[in-house]
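Enquirer: Would you mind keeping the following structure in view while I ask a few things?
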Amino acid sequence: MEYFKSGLKSVLGGPPPGTNPTGAETIEKLISRVSTSTLLEDRRDACRALRALSKKYRIEVGAQGIDVLKQVLELDKTDPEILSYCLDTLCNITSKEVFEEEMESDININVNIGEQFSEMFLKNPDNLPIILSYLEEYDFRVRWPAVKFLISLTTCRPKEVQDIILVSPMGMSKLMDLLAENREVIRNDAVLLLIHLTKSNANIQKIVAFENAFDKLLTIISEEGYTDGGIVVEDCLLLMLNLLHNNTSNINFFQEGSYIQKLAPMLILPDNLEEIGWSPQKVSNFHCVLHLLRTLVSPNNPAQIITSCQKTLRNANLLESLCNILMATGVPADILTETINSVGEVIRGNLTNQEYFANVLAPSSPPRPALVILIMSMVNEKQPFTLRCAVLYCFECFLYKNEIGQELVVQTLLPSSSGNTALTTGQLLCSGLFSSDSLSNWFSAVGLSHCLIENPAQKEQLLRVLLATNLGAQPVTLLSQCGVFLQHTSKLQAKLGILMLVSMWLAHCPAAVKIFVNVPGVMAFLTAQTSASEFDNNAELLQGLCAFIMGLCVLFNDNSVQNYSKENLSQLIEKRVGLETYCKKLNEISRHELYAKAAKQPQIKAKHSSELLLEFEFCKLFKSMEGLIIQALGVQRDLSNGLSELSLSDHENALLLQYKDLIRDQDKKLQDWQRKYNFLEKQYDEVKVQADELRQTNIQLIDQNTLLKAQLSTGASQVTNTVQTAPVEPPPTAVADDHVISLERRQSMENARLKQVEEELAEKTAELESYRRDQDDLLELLTAQDTRMCKFKDLLRQLDALPDEDDSSSDVSDNENESGP
Amino acid sequence: MSYAYLFKYIIIGDTGVGKSCLLLQFTDKRFQPVHDLTIGVEFGARMITIDSKQIKLQIWDTAGQEAFRSITRSYYRGAAGALLVYDITRRETFNHLTTWLDDARQHSNSNMVIMLIGNKSDLESRREVKQEEGAAFAREHGLVFMETSAKTAANVEEAFINTAKEIYEKIQEGVFDINNEANGIKIGPQHSPTNPSLPGAGGSGGSQGSSCC
């Protein structure tokens, strides 16, 4: 505390004596100084002080300082020192870890303080690119804290950082350039940063791979001494794991880019390993390498990728190295376990690799196949549980899609292979099958069942296997012994193991069914279990499996055993168990939690031996058979329909319901169709009416057309005189409609003009008429006047005598009357 | 498996123009008629021979959708070649070429060889963009041009191989700095120590990659 105070004194100047400023006040002062000071030195000093206080007074600095610090990052770009203080401070306040210096009282509320400050900083998407740009600054004081700050942010808020980096131009490229950094601190931190960034983001993973990450990481790994290297090697491997996990595109790239070959040196154990031993770091590194290999050939990947990776792994001698580790001495148990798992997945479903593995010999005397050594430890109670699981998985992988391998194992059990006293896988499995260790029973049963998967020939072969149980007693078949053991053992795990083996055996194999149903007491046992009603300690699994086996006995029955023919067995199920109960029991299996767990992946994943009850391949078989069994029981029912309707069994009821549903369904469909039909009929009527209308209008139009044509021809003869262009000739019948229309239009125009002319004519005639009438009137008037004038003339002549002048004046008035209007 | 050179390609262009189909046709000699949207980026690889030298092509097939554009940008820098694809039956995919080209030129290294590809040449009846238009665009922007059909495989091999030839020539001319892996070119493992025909480091000569068209 004293140190801080003296430090602050020098920065802030001495406080007035007697008063002790609180942390918050000090920080307030410092922040105002950073934001207002004009002198770079002052700002720099204030930032330095903030950095010093940012751990202890994290909340205060963070709450008040983020914006100011960001401002410095934007404005003081050229001063590495202040940038370094700034970035360090930001890194501290956003850190996920809790600092020792932090006040104890704060710790409670501090739980997520780093995340909250990270969120605040990332809220503005423009902030992160500023930090990214400082990755390009070569100065150590800037670049390193920038990387560390990014780690802080990514640890707290990975999703947000990933999204921003993806959209910021060259964001990922800048990060990838850091892997070539020659200052190791920065480079190593860059690897850490990339590990965080590539978590569950396929896009970033692909970009990182595209930017030559595998080359760069493998270079670093080799420089650091491969698996003997320190934690940096582990980090690099973890990053590679992130890039490859569930990323088909990157796995493809890894395989295509010949990177698998470059892993080879990491799997070679030094000769003097026993002297140097396994350091914890070496164990971690080795784990990562094995994990990496398994990621490439994981059964979850597309088959094509698995095959090509398996091929490359063999050709690059990595399979050989793995097998060497398997047989080496002094390998830690967990590494050995993981190696066994890896070998399993490298050979799984790949005939060449499986053959290679079958021929691997252990350096024992006499040399034994590695497979035998492995099976020995599987049926050995003293071996660690996980190791035994791994061996079973490896054995399963060896048998997967490997008919030759399956045959090899079964052959070791057949009577013909006498004279050979060496321990064989088959013998080991058989002894494990009936040993007193229930886990061994389970492992052996499952192992043996894998010899029979999709292999009818081996199912028949295995039926020939005879066991000598007691001295002097008749040898019994393996299958019978299974049936007997089933009834004698009290352990659930052993029973389930045997039942799974039997179910695999019976499926598609009537010969096996025939032998099995004849085992004394076995059908009674199965019926009793299936109709039992206890529900404790996973007993429902046992009941379900027994039901399943009964179903298989019905399904694959060739009716060769009188008492247990198809019909007898299904009646047994129906009468003794009841179909409803039977179906319920069958359903219990797929509803069980352990079923879901086992069906998830081929590898046996259990934390404790008591969890090992069901197995992957059995789940597959069950899934494919369940429906068939129910169907078979139903069909059987129909064949023997001696029952009246009243005594309908549950199954029949179900069937009836099914039919009712079907009928209801069909009824509904029928109604739908009826409705559709009505609708269509209505539509049809409407269309018909419309068509009639159309036809009528069509006729009308034709009539009109002929009428118009006629008019046209007549009109033409009328109009020829007035129109020069003479469109009057009757149009040829074959002319296109539009021609007719144009003609019609022209005709109607002509008609109109004609009418106009006629009108004019009538007008003119009327006028003429009125003029004529006027003229007549006038003429009459004239004659009247003439007569009067004659009278006057006579009168005048009688009075005087002047005849010549009057004649001429009457002529003039005549003329005027005619030309007036 | 050994190779003299390794070239990194990217395939870009609007969504649905057939980028993934081109890649599938080239790497697997298959055609997939159903459009399965590419998410982010997918990887494919094949070996070819140029000038009796084995050349490994690593091809990243990008998503054409706008939403993935920023992700696609991350791939420009490290690529030696790019196939810029449009669909001859959809005019708008041709119209968007300038945007793509700007994006590519802005984010890639200046020597990246860009091949313009008018895909779906089998759909002649639905053609909306004339071959001459594509050729003219390519000439104007200094690209190599070709019409292909991922369905019938017409010109698909040529498109990838000609791009590789172009890059190979640029290497011979010393335009590419082959020691910088960020250019999308890698020398094969057995070739790296001695190869007389290769120019030394920093031989980044003139950038006028003459594109014939």
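The values are calculated or read from the model by the stated rules, or taken from the named source; none is laboratory data. Computed from a predicted model, the values in this text were never measured in an experiment. When we count neighbours, we look across all protein chains shown, and the Cβ atoms used for this are built from the backbone with ideal geometry, even at glycine.
Enquirer: Across segment B:75-102, what is the total count of residues that are closer than 23 Å to B:ALA164 by Cβ and of a type outside the set (Val, Ile, Thr)?
Expert: Looking only at segment B:75-102, we keep the residues that are closer than 23 Å to B:ALA164 by Cβ, and these are B:75-86, B:97, B:100-101.
Next, from what is left, pick out any that are of a type outside the set (Val, Ile, Thr): B:75-84, B:86, B:97, B:100-101.
Within segment B:75-102, residues that are closer than 23 Å to B:ALA164 by Cβ and of a type outside the set (Val, Ile, Thr) number 14.
Enquirer: If the Cβ limit is 6 Å and pairs must be 6+ apart or interchain, which residue in segment A:292-306 that is of a type in the set (D, E, K, R) pairs with which residue that is buried (at least 21 other Cβ atoms within 10 Å of the Cβ)?
Expert: If the second residue must be buried (at least 21 other Cβ atoms within 10 Å of the Cβ), the pairs left are A:ARG294/A:SER342; A:ARG294/A:GLU345.
Enquirer: If you scan segment A:164-186, which residues turn out to be surrounded by fewer than 17 Cβ atoms within 10 Å (Cβ to Cβ) and either closer than 23 Å to A:GLY230 by Cα or among the acidic types (Asp, Glu) (or both)?
Expert: A:ASP177, A:ALA180, A:ASN182, A:ARG183, A:GLU184, A:VAL185 - these are the residues of segment A:164-186 that are surrounded by fewer than 17 Cβ atoms within 10 Å (Cβ to Cβ) and either closer than 23 Å to A:GLY230 by Cα or among the acidic types (Asp, Glu) (or both).
Enquirer: Of everything in segment A:327-381, what is more than 19 Å from A:ILE604 (Cα to Cα) and part of a helix (DSSP H, G or I)? Give them in sequence order.
Expert: In the first step, residues of segment A:327-381 are kept if they are more than 19 Å from A:ILE604 (Cα to Cα); the result is A:327-332, A:350-370, A:372-373.
Scanning segment A:327-381 gives A:MET327, A:LEU351, A:THR352, A:ASN353, A:GLN354, A:GLU355, A:TYR356, A:PHE357, A:ALA358, A:ALA370, A:VAL372, A:ILE373.
Enquirer: Among the residues of segment A:110-165, write down those that are among the small types (Gly, Ala, Ser) and at pLDDT 90 or above.
Expert: So in segment A:110-165, the residues among the small types (Gly, Ala, Ser) come out as A:114, A:118, A:133, A:146, A:152.
Scanning segment A:110-165 gives A:SER118, A:SER133, A:ALA146, A:SER152.
Enquirer: With the structure loaded, tell me whether A:PHE548 is touching a His at 6+ places or on another chain (Cβ under 9 Å), at pLDDT 90 or above and not small (Gly, Ala, Ser) or whether it fails that test. Let's see the steps before the verdict.
Expert: Details: touching a His at 6+ places or on another chain (Cβ under 9 Å): no; at pLDDT 90 or above: yes; not small (Gly, Ala, Ser): yes.
Judged against the criteria, A:PHE548 is not a match.
Enquirer: Of the residues A:ALA532, A:ALA524, A:ALA596, which is free of Cβ contacts under 8 Å to residues at least 24 places away in the same chain, closer than 18 Å to A:CYS482 by Cβ and out of contact with any Leu (no Cβ under 6 Å at 6 or more places or on another chain)? Talk me through it step by step, then tell me what you get.
Expert: Numbers: A:ALA532 fails: closer than 18 Å to A:CYS482 by Cβ; A:ALA596 fails: closer than 18 Å to A:CYS482 by Cβ.
Unique residue meeting the criteria: A:ALA524.
Enquirer: For segment B:22-44, which positions are buried (at least 22 other Cβ atoms within 10 Å of the Cβ) and either more than 12 Å from chain A (Cβ to nearest Cβ) or touching a residue at least 40 places away in the same chain (Cβ under 8 Å) (or both)?
Expert: Matches in segment B:22-44: B:LEU22, B:GLN25, B:PHE26.
Enquirer: Related question: Of the numbered conditions (1) under 24 Å from the mean Cα position of the chain (by Cα); (2) more than 12 Å from every other protein chain (Cβ to nearest Cβ); (3) β-branched (Val, Ile, Thr), A:ILE325 satisfies every one except a single condition; which is it?
Expert: (1)
Enquirer: For segment B:70-117, give me the residue count where each residue is polar (S, T, N, Q), over 19 Å from B:LYS170 (Cβ atoms), part of a loop (DSSP other than H, G, I, E, B) and away from chain A (no Cβ under 11 Å).
Expert: Residues of segment B:70-117 polar (S, T, N, Q): B:70, B:72, B:74, B:89, B:93, B:95, B:98-99, B:106, B:108-111.
Now drop any that are not over 19 Å from B:LYS170 (Cβ atoms), which leaves B:70, B:72, B:74, B:89, B:93, B:95, B:98-99, B:106.
Applying the additional criterion that residues be part of a loop (DSSP other than H, G, I, E, B) yields B:74, B:89.
Checking the rest, the ones that are also away from chain A (no Cβ under 11 Å) come to B:89.
Of the residues in that region, 1 qualify.
Enquirer: Okay, next question. From the residues in segment A:187-218 that are facing another protein chain (nearest Cβ under 9 Å) and part of a loop (DSSP other than H, G, I, E, B), which one is surrounded by the fewest Cβ atoms within 10 Å (Cβ to Cβ)?
Expert: Taking the candidates together, the pick is A:ASN212.
Enquirer: Pick from A:ILE498, A:ILE573: which is touching a helix residue (DSSP H, G or I) at 6+ places or on another chain (Cβ under 7 Å), crowded, with 20+ Cβ neighbours inside 10 Å, of a type in the set (Val, Ile, Thr) and farther than 20 Å from A:LEU429 by Cα? Working first, answer last.
Expert: Numbers: A:ILE498 fails: farther than 20 Å from A:LEU429 by Cα.
Only one candidate qualifies: A:ILE573.
Enquirer: Considering only segment A:129-177, how many residues are over 17 Å from A:PHE210 (Cβ atoms), under 35 Å from the mean Cα position of the chain (by Cα), free of Cβ contacts under 8 Å to residues at least 40 places away in the same chain and assigned to a loop (DSSP other than H, G, I, E, B)?
Expert: Total meeting the criteria: 0.
Enquirer: Any residue at all in segment B:33-41 that is part of a strand (DSSP E or B) and out of contact with any His (no Cβ under 8 Å at 6 or more places or on another chain)?
Expert: Within segment B:33-41, one or more residues are part of a strand (DSSP E or B) and out of contact with any His (no Cβ under 8 Å at 6 or more places or on another chain).
Enquirer: Would you confirm whether or not segment A:608-625 contains a residue that is at pLDDT below 90 and within 30 Å of the chain's Cα centre (by Cα)?
Expert: no
Enquirer: Further question on the same structure: Of all the residues that make up segment A:298-336, how many are polar (S, T, N, Q) and within 16 Å of A:LEU269 (Cα to Cα)?
Expert: So in segment A:298-336, the residues polar (S, T, N, Q) come out as A:298, A:300-301, A:304, A:307-308, A:310, A:312, A:315, A:317, A:321, A:324, A:329.
If we keep only those that are within 16 Å of A:LEU269 (Cα to Cα) as well, we get A:317, A:321, A:324, A:329.
Qualifying residue count, segment A:298-336: 4.
Enquirer: Oh, and also: Check off (1) within 13 Å of chain A (Cβ to nearest Cβ); (2) surrounded by 17 or more Cβ atoms within 10 Å (Cβ to Cβ) for B:MET47 and give me the number that stays unchecked.
Expert: Checking B:MET47 against (1) within 13 Å of chain A (Cβ to nearest Cβ); (2) surrounded by 17 or more Cβ atoms within 10 Å (Cβ to Cβ), the one that fails is (2).
Enquirer: Residues of segment A:455-484 being touching a residue at least 40 places away in the same chain (Cβ under 8 Å) and either in contact with a Lys or Arg (Cβ under 6 Å, 6 or more places away or on another chain) or not in a helix (DSSP H, G or I) (or both), which ones?
Expert: Of everything in segment A:455-484, those that are touching a residue at least 40 places away in the same chain (Cβ under 8 Å) and either in contact with a Lys or Arg (Cβ under 6 Å, 6 or more places away or on another chain) or not in a helix (DSSP H, G or I) (or both) turn out to be A:ASN455, A:ARG464, A:VAL465, A:LEU466.
Enquirer: For segment A:403-415, check the following and say yes or no: at least one residue is surrounded by 17 or more Cβ atoms within 10 Å (Cβ to Cβ), in a helix (DSSP H, G or I) and either in contact with a Phe, Trp or Tyr (Cβ under 8 Å, 6 or more places away or on another chain) or free of Cβ contacts under 8 Å to residues at least 12 places away in the same chain (or both).
Expert: Yes.
Enquirer: Taking segment B:137-187 on its own, how many of its residues are in a loop (DSSP other than H, G, I, E, B) and surrounded by 18 or more Cβ atoms within 10 Å (Cβ to Cβ)?
Expert: We begin by selecting, within segment B:137-187, every residue in a loop (DSSP other than H, G, I, E, B); these are B:142-143, B:148-155, B:174-180, B:184.
Add one more test, that the residue is surrounded by 18 or more Cβ atoms within 10 Å (Cβ to Cβ), and what stays is B:143, B:148-151, B:155, B:175-178, B:184.
So the count comes out to 11.
Enquirer: Scan segment A:255-278 and give yes if some residue there is within 33 Å of the chain's Cα centre (by Cα) and within 25 Å of A:ILE373 (Cα to Cα), otherwise no. Lay out the reasoning, then the answer.
Expert: Start the filter on segment A:255-278 by keeping residues that are within 33 Å of the chain's Cα centre (by Cα), which leaves A:255-263.
Filter again for within 25 Å of A:ILE373 (Cα to Cα), leaving none.
Among the residues of segment A:255-278, not one is within 33 Å of the chain's Cα centre (by Cα) and within 25 Å of A:ILE373 (Cα to Cα), which makes the answer no.
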